[in-house]
Amino acid sequence: MKYLRGLYNWVLSWAETAYAVPALFLLAFAESSFFPVPPDVLMLALCLSLPHRSWYYAAVTSIGSVLGGIGGYVIGFALWHLVSGWFFSYIPGFDREVFSQVQEYFTRYNFWVVFAAGFSPIPYKVITIGAGVFNVNFPVFLVASAVSRSLRFFLVAGLIRRFGAPMRELIDRYFNLLSLVFVVLLIGGFVVIKYLLH
């Protein structure tokens, strides 16, 4: 996947320019529907260079990502019949078999599918577009996206602000595992609360 490494390096190069913040916003927006490199890459670099602005970078990333998610929803809702072949052919994470399972997940879990994808390594773009294709309730989609994406980016920014460079290495190495554990614990907590209330 040499081209992905090239994209990764290209994204990082924006951290050293005067356009880093607009690039961060656009990257977060694009990643929510088609771009393969997550915005965390650029956000981490910016937070490390200016730790006192970490919350600002997290806010820019969150807003861009949620707006991009809305864009993905619109693609799925209104344009999927025109662009589906292109997505399946060229966008990493889009697989016909996996995509066919998404509808079942939405039917069974609704809010939690969007939340888990928004926070974890699950490809968020597949869920945003799938939500539009399968006509998921838009307010539910929007709330789940806003909560999960903000939680993800503010958590990462907070860890960098507090612990600095060593935390970046830890996040880079174990982010997938840590985020999955967090989602499991969070959902498990809600299940326990629901059980106790009945």
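Checking region 132-142 against the condition returns a match, with at least one residue being more than 23 Å from Phe87 (Cα to Cα), modelled with pLDDT of 90 or more and in a helix (DSSP H, G or I). Return yes or no: is Leu48 surrounded by fewer than 22 Cβ atoms within 10 Å (Cβ to Cβ), of a type outside the set (Lys, Arg) and closer than 19 Å to Trp10 by Cβ? In short, yes.
The residues on offer are Ala28, Ala78, and the sole one that is buried (at least 19 other Cβ atoms within 10 Å of the Cβ) and at pLDDT 90 or above is Ala28. All told, Ala15 meets the bar of being among the aliphatic types (A, V, I, L, M), surrounded by 15 or more Cβ atoms within 10 Å (Cβ to Cβ) and modelled with pLDDT under 85. Tell me whether region 57-71 contains one or more residues that are part of a helix (DSSP H, G or I) and exposed (fewer than 13 other Cβ atoms within 10 Å of the Cβ). Within region 57-71, none of the residues are part of a helix (DSSP H, G or I) and exposed (fewer than 13 other Cβ atoms within 10 Å of the Cβ).
Checking the structure you have, find out if any residue of region 90-110 is within 14 Å of Phe34 (Cα to Cα) and assigned to a helix (DSSP H, G or I). Looking for residues that are within 14 Å of Phe34 (Cα to Cα) and assigned to a helix (DSSP H, G or I), one finds at least one in region 90-110, hence yes.
When region 81-105 is filtered for residues that are surrounded by fewer than 16 Cβ atoms within 10 Å (Cβ to Cβ), of a type outside the set (D, E, K, R) and in contact with a Phe, Trp or Tyr (Cβ under 8 Å, 6 or more places away or on another chain), the ones remaining, listed by number, are Phe88, Gln103.
The values are calculated or read from the model by the stated rules, or taken from the named source; none is laboratory data. This is a predicted model, so every value here is computed, not measured. Note: ideal-geometry Cβ built from the backbone for every residue, glycine included; neighbour counts use all protein chains shown.
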